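See structure below.
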Amino acid sequence: MNKTILAGMTGIALSLGACAKKIPPADIPPPAQPAETNPNSADPNSLEVVELPALQADLVAKAGSDTVYFGTDQYALDEASKATLAAQARWMLANPNVRASIEGHADERGTREYNQALGERRANSARDYLVSQGVPTARLVVTSWGKERPVATGSNEEAWAQNRRAATVIIR
């Protein structure tokens, strides 16, 4: 009878052992964590931007424009662009609850990669100027569209000049 009890107890112990929490071997890496994102730059394909047309119209009416323009292959701000951005900064400071996406664009010439990088440099130039005027960085998001969203079609200097820009878009 002792052998029967011992066999039964061994079976129970084995059954309970099978239910125990498994500990993974040390050589298995932990699950991948999502990548950290910079809140001041955005991937246009993943950012959900809700534009606010009424506030956008107010920005344009009071600041004169929501767009600054650049020379070919340039991202430095000229005096006219600085004046426009200064007016935008005053409007943003008067409206402390709004956020903006600073969207950089390029003309159709050049590779997609080159224009994406150039659009980002243009947007960063505009953002940096707004910040220098007192707009908190946390209220601004940088987006580069490269040559993907032209405002003017055509393969001529007039169209290209309109597409070399950084636009301030009011978002939620």
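The values are calculated or read from the model by the stated rules, or taken from the named source; none is laboratory data. Every value quoted in this text rests on a predicted model; they were computed, and no experiment measured them. Cβ sites come from the backbone with ideal geometry, for glycine too, and all protein chains shown count toward neighbours.
Taking the criterion of being outside any strand (DSSP E or B) and surrounded by 14 or more Cβ atoms within 10 Å (Cβ to Cβ), the residues of the stretch 53-72 that qualify are Leu55, Gln56, Asp58, Leu59, Val60, Ala63, Ser65, Asp66, Phe70. Criterion applied to Tyr114, Tyr129 was being farther than 16 Å from Val68 by Cβ and among the aromatic types (Phe, Trp, Tyr), and the one residue passing it is Tyr114. Applying the condition of being farther than 15 Å from Leu118 by Cβ and β-branched (Val, Ile, Thr) to the stretch 43-78 and asking which residue is modelled with the lowest pLDDT yields Val49.
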